[in-house]
Amino acid sequence: MSVAGLNFRHITKRYGPVVALDRFSLDVAPGEFMTFLGPSGSGKTTALNILAGFTSATEGDVLIGDRSVVDLPPEKRNVGMVFQSYSLFPHLTVFENVAFPLRLRGASADTIKQKVGSVLDMVKLADFGGRMPNELSGGQRQRVAFARAVVFDPPVLLMDEPLGALDLKLREQMQLEIKRFHAEIGCTIIFVTHDQGEALTLSDRVAVMRDGRIAQVGSPQDIYDRPESQYVAEFIGRTNLFQLRRGQGGTWDIPDLAAAVSGIAEANLSQAALSVRPEKIRPVPAGAQADQIAFDAKISDVVFQGDHVQYEAVAQGGKTLIFQDHRGPGSELLPKGLAVRLGFSASDAVPVERETA
Amino acid sequence: MSARSYLWLFLPALALLLLFILAPAADLLRASMFDPDFTTEHFARLVTRGVYIDVMLRTIRVSLIVAVCCTIIGYPIAYFINLQPRSRQTILLFLILIPMWMSILIRTFAWIVVLGRDGLLNEALAAVGLIDEPVRMLFTSGAVLAAMVQILLPIQILTCYAAMTEIDFDLIRAARVLGAKPRQALMRVFLPLSLDGTITGLVIVFMLSMGFFITPALLGGRQDTMIANLIEFQVQRLNWSFAAALGLVLLLLTIVMIVLLRGLGRMAARRILKAGL
Amino acid sequence: MNKLLLGAAASVMLAQPVLAQDKVLTIAGSGGVVKEISERVFLPAFEEATGWSTKFVAAESNILLEVRTMVASGQMLYDAMEVSASAYPQAVREGLLEPIDYKLLDPNNELPDKAKKEFGVVAASYSTVPVQRLDKNPEGRKMESWSDFWDVEAFPGPRSLKQQPEYNLEFALLADGVALDDLYDVLGTEEGVDRAFDKLDELKPHIPVWWTSGAQSVQLLSDGEVFYSTTYNGRVGKLQESGIDVEIMWNGGALHTSHVGIPKGAPNYEAAHEWVRVRTMRPDLEAEYVKHLPYPNFAPGLFDAMTEEQAKTMPTYPANADLQFVANEEFWADNIERIRERFDEWLLE
């Protein structure tokens with residue numbers, strides 16, 4: 001089977017009074033790497049389970065390709081899946097684990113040998129076919145799980161927090177490998193994680209989930225640079241939020257910074273805030289510049305992190321904010337207590353919907 | 001610090017083993033060989049008279065049948081319990097444990113009430129019109145087997161259940177999503193993974209059956225005499241040496257059979273699983 | 001003052017044994033309820049008749065062991081003793097008993113022969129008897145003999161016997177036509193034993209269960225698990241009371257007797273005979289005793305005091321006693337090892 005796209009159509013899942021998924025709709029293009037990102041309880045795993053067939057939707061439909069799958073048992077959906085704890089069959093060798101889906105599909109011994117061989121080759125475990133799962137390292141198991149999930153060329157591959165059990169270094173390495181595998185295989189991937197870094201690194205698109213709904217869906221860059229809500233802005237990376245108040249003549253006041261900004265198109269935000277990423281704020285020379293919002297502040301904390309320095313500063317009005325210096329040529333650390341003038345470009349400031357607490 | 005420095009933790013167990021297992025076994029050997037002078041007549045009697053060989057073979061046969069029946073009945077029950085929600089599992093396990101609070105003697109007597117000529121079963125069969133005359137059920141091999149299975153079943157259920165709770169349910173999901181029908185997931189993943197625990201349960205039931213004596217004594221006829229019955233009989237007759245020889249033979253047979261069962265059981269099970277898929 | 005008191009006390013302590021010493025009869029027997037009833041029924045009668053006092057010693061489980069030691073040491077402390085059925089042949093063989101002087105005990109020859117042994121007199125008895133469920137018998141038929149017990153065509157249905165060779169071999173021989181009086185002559189030969197086993201072979205398939213305790217035998221009959229079984233006569237009354245239609249067949253039953261005897265070197269040989277008389281020949285006392293313990297002896301005229309109905313339940317009732325054989329414990333003591341092993345293995349075949 002070739003690569004297929006999939007569509008979630010108004011999926012609702014209720015557990016008694018609890019709504020786990022609320023009219024969840026999403027279209028995924030063939031070959032796309034789509035990540036469901038969200039904290040636990042946001043509905044991302046429920047969506048995955050409904051897609052895999054482990055749970056049934058209360059309402060709505062799921063299509064793989066152009067086929068509705070909601071009434072099919074898991075084994076008929078022809079999706080590959082990588083589990084959080086790998087879920088390798090402990091009583092079978094690596095080879096037999098990978099051969100498992102092929103045997104169930106009645107493949108010939110030759111086909112099995114050839115396919116398992118090539119997929120083990122791809123995950124660089126060609127010599128490990130005879131090992132038992134408990135003789136492998138975490139990363140190796142992960143790769144076996146991946147090999148097993150794709151050996152039968154499923155049009156869709158599901159990955160449920162597959163890197164959660166690995167340590168940081170291995171995780172980063174595996175991220176690159178998964179990227180490579182995806183490029184090689186080209187199948188549609190639904191990837192579930194609560195790690196925003198992972199989501200940004202791997203995905204073509206990210207669906208940020210919240211309370212059973214999609215808060216925002218878009219490319220990693222979209223999500224990062226143009227969050228639509230305070231929730232998304234704060235969940236992805238770090239950010240500074242400044243309250244916005246409608247000013248006069250199309251301008252907006254920023255009371256925290258005793259400044260004003262104009263040219264914000266999305267004026268219809270009822271409860272608006274301005275999200276400014278820490279790396280967009282930097283010390284500026286005195287004197288106003290066009291398209292620049294500047295204010296006076298005092299450095300209150302300095303955190304040295306090697307490739308960059310993170311500063312905490314208190315604006316004159318008392319608002320605490322953070323900014324980063326990425327240490328270009330000739331940069332020096334600013335001492336704690338230093339009074340500085342900080343500024344950011346209006347185009348780097350993103351108006352978002354503010355949380356109504 | 002190596003693991004060796006903690007070897008002393010085994011001392012109490014070792015002492016108990018020596019005191020309550022090895023020493024009595026050695027004494028058994030002594031009692032069977034000295035009566036009061038060294039003699040092998042008791043073992044010779046065991047080996048040369050066909051009747052005792054018959055009893056040994058019967059003991060092994062009955063124990064095997066009981067162990068296999070307990071497994072065939074107990075495994076699905078354990079599986080069923082394992083599928084229930086947590087709270088219901090607790091209730092079901094509790095229900096299964098209840099009969100184990102009663103002594104084997106009482107449970108065996110209950111079978112007399114059920115299987116007797118004027119017992120519940122005969123009356124029920126007569127009431128439905130299936131039989132005119134009461135059928136002899138008591139003092140038959142069937143009665144012994146039924147009661148032994150009933151008495152030992154909870155042990156196999158609990159052992160299987162314990163093995164099943166160890167199995168990560170994601171493995172079953174993995175099998176399903178990779179293309180296994182429910183039955184295939186059961187046969188290829190769940191069954192092999194619970195096999196070890198199941199064979200352990202089978203061996204435990206077998207071992208307990210080998211020493212059964214109240215049930216065959218009360219529910220069986222003379223054709224159901226097992227080694228333990230012979231031992232009790234010989235002790236009553238004050239034939240201590242012959243009883244000791246019987247006891248030793250029972251011990252050895254049980255050990256040999258356990259080793260065989262564990263090995264063969266696993267091998268056969270593997271083969272059946274492979275061939276059946 | 002002190003010396004005076006001590007002296008007085010000493011004289012009292014000394015005087016009493018001296019007074020009684022000549023006139024105390026020491027009897028050894030079972031403890032428990034047997035001792036209790038004996039002390040209530042027989043001892044006062046003896047004391048009244050003789051003016052002696054008595055001491056009833058509840059001997060340890062094995063009286064024979066004590067007596068053997070006393071005989072060996074030449075210091076016999078007992079004047080009379082209970083001798084159980086199984087102890088009798090052994091005691092006789094070891095010469096632990098004095099012969100009974102029947103001229104002294106029973107000058108008018110009132111005791112039946114069955115009661116009189118050379119070294120003891122029957123003090124109590126019970127029987128192992130076949131019992132039939134009358135309601136399970138074929139219409140209008142009733143078992144009359146061991147041949148009937150063996151006749152599974154005329155009397156179909158499950159049977160039970162005790163799981164031991166003792167008396168079953170006798171029963172088999174009786175079923176095979178051996179006369180009561182010839183039983184132990186036949187059984188004394190190897191052919192006789194073979195003959196008994198051959199006869200038992202015939203019945204074996206019809207015995208689903210061999211009982212091991214009296215309670216079990218009664219239970220089997222009561223539950224209808226077997227229609228015919230041997231049991232102890234003392235248990236049948238209760239079975240009948242509970243509404244089960246059973247009847248004892250005395251014909252060919254085994255009568256087990258225990259005895260009262262006089263140990264070798266007993267200090268009061270003649271007075272001991274008086275005790276034996278009180279214990280075995282006084283129907284008034286025995287009738288009272290039997291009310292508590294259903295093990296009657298052959299006290300002459302015992303049954304005159306009873307209703308006929310009651311008397312007919314007694315193993316020593318002449319009509320019953322005449323039909324039975326007295327179990328020969330001596331034979332079994334001599335042959336048990338050999339026959340038991342054969343029987344045990346025969347059972348397993």
Over chain C, what is the relative contact order in whole percent, taking alpha-carbon pairs under 8 Å and six or more residues apart? 26
Please determine, in degrees from 0 to 90 and to the nearest 10, the orientation of helix A:168-185 with respect to the longest principal axis defined by the Cα atoms of chain A, where the helix direction is its Cα long axis. 60
Per-residue average of Cβ from other chains inside 10 Å of C:208-214: 3
Any idea what angle helix A:94-104 forms with the longest principal axis of chain A, computed on alpha-carbon atoms, 0 to 90 degrees, nearest 10? 70
Dipole moment magnitude, nearest 20 debye, the protein assembly as shown about Cα centre, only Lys, Arg, Asp, Glu C-beta charged: 5100
Cα gyration tensor shape for chain A, rounded if a/c is under 1.5, else prolate or oblate: prolate
Dipole of chain C [Lys/Arg +1, Asp/Glu -1 at C-beta], most positive-end residue of C:Tyr184, C:Phe119, C:Ser160: C:Phe119
Computed on protein heavy atoms with a 1.4 Å probe, what is the summed buried accessible area for the chain pair B and C, in Å² to the nearest 100? 1900
By the gyration tensor of its Cα atoms, with a ≥ b ≥ c the square roots of the eigenvalues, what is the shape of segment B:40-275: rounded for a/c under 1.5, prolate for a/b over b/c, or oblate? oblate
Highest first, please rank the peptides A:301-308, C:192-199, C:68-75, C:84-91 by the mean number of other Cβ atoms sitting within 10 Å of their residues. C:84-91, C:192-199, C:68-75, A:301-308
Whole-percent pair-distance distribution, where bins are 20 Å wide, for the alpha carbons of the protein assembly as shown: 10, 24, 22, 16, 13, 11, 4, 0
Sorted by accessible surface (1.4 Å probe, heavy atoms of the protein chains only), largest first, A:Lys113, C:Lys117 come out as A:Lys113, C:Lys117
Interface A/B, total buried accessible area with a 1.4 Å probe, nearest 100 Å²? 1800
Length gained, A:Gln243-A:Ala109, 0.36 nm per residue minus C-alpha separation, equals 41.6 nm
When the charge dipole of segment A:165-263 is computed with +1 on Lys and Arg Cβ and -1 on Asp and Glu Cβ about the Cα centre, the Cα farthest towards its positive end, among A:Gly186, A:Gly250, A:Thr201, belongs to A:Gly250
Leaving out ligands and nucleic acids, and using a 1.4 Å probe, what accessible area per residue does chain C come to in Å²? 46
Counting only protein heavy atoms and using a 1.4 Å probe, what share of the accessible area of chain B belongs to carbon plus sulfur, as a whole percent? 72
To the nearest 500 deg cm²/dmol, what mean residue ellipticity at 222 nm is calculated for the protein assembly as shown from DSSP H runs of n ≥ 4 alone, each contributing -39,500 (n - 2.57), summed and divided by the residues? -14000 deg cm²/dmol
Per-residue mean of other chain beta-carbon atoms within 10 angstrom of the beta-carbon, peptide A:70-79? 4
Quick one: accessible area per residue over chain A, 1.4 Å probe, rounded to a whole number of Å²? 45
Label-point separation in nm, B:Gln223 to C:Ala49, each point 7 Å along Cα→Cβ: 5.8
For a protection proxy built on the mean count of beta-carbon atoms within 10 angstrom, sort B:243-249, A:142-148, B:48-54 highest first, please. A:142-148, B:243-249, B:48-54
Just to confirm the number: angle between the C-alpha axis of helix C:32-50 and the first principal axis of chain C, 0 to 90 degrees, nearest 10? 50
About its Cα centre, what dipole magnitude does segment B:168-277 give when the only charges are +1 on Lys and Arg Cβ and -1 on Asp and Glu Cβ, stated in debye to the nearest 20? 620
Can you pull the mean other chain C-beta count within 10 Å for peptide A:92-104? 3
Kirkwood hydrodynamic radius of segment C:233-289 from all distinct Cα pairs, in Å? 14.9
Can you compute the charge dipole magnitude of segment B:40-275 about its Cα centre, using +1 on each Lys and Arg Cβ and -1 on each Asp and Glu Cβ, nothing else charged? Give it in debye, rounded to the nearest 20. 820
Using a 10 Å cut-off on Cβ atoms, rank the peptides A:7-18, B:69-80 from the highest mean neighbour count down. B:69-80, A:7-18
Principal semi-axes in Å for segment A:1-148 [√(5λ), Cα gyration tensor, largest first]: 32, 18, 14
Pick out, from B:Ala124, B:Thr254, B:Ile91, the residue whose Cα sits farthest towards the positive end of the charge dipole of chain B, with +1 on the Cβ of Lys and Arg and -1 on the Cβ of Asp and Glu. B:Ile91
Per residue, how much accessible area does chain B show when a 1.4 Å probe rolls over the protein heavy atoms, in square angstrom? 53
If you only keep lysine pairs separated by 8 or more in sequence, or across chains, how many in chain A come under 23 Å at the Cα atoms? 17
Could you give the distance between the Cα centres of segment C:276-349 and segment B:27-80, to the whole Å? 41
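Compute the FRET efficiency between A:Glu135 and A:Asp167 as 1/(1 + (r/R0)^6), taking r as their Cβ-Cβ distance and R0 = 25 Å, and round to the nearest 0.05.
Computed FRET efficiency for A:Glu135 and A:Asp167 comes out at 0.85.
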At q = 0.07, 0.08, 0.15 Å⁻¹, base-10 log of I(q)/I(0) for chain C (Debye sum, equal scatterers on each alpha carbon): -0.36, -0.46, -1.29
Need one word for segment C:166-276: rounded, prolate or oblate. Basis is the Cα gyration tensor (sqrt eigenvalues a ≥ b ≥ c); a/c below 1.5 gives rounded, then a/b vs b/c decides. oblate
Positions from segment B:123-143 whose accessible area shrinks by 50 Å² or more when the full protein complex is built, not the chain alone, probe 1.4 Å: B:Arg136, B:Phe139
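The values are calculated or read from the model by the stated rules, or taken from the named source; none is laboratory data. Source: prediction; values computed, not measured. So basically every Cβ, Gly included, is an ideal-geometry build from the backbone, and we count neighbours across all protein chains shown. Please note that ligands, DNA and RNA were not included when accessible areas were found on the heavy atoms of the full protein model with its side chains. Shrake-Rupley method; radii C 1.70, N 1.55, O 1.52, S 1.80 Å.
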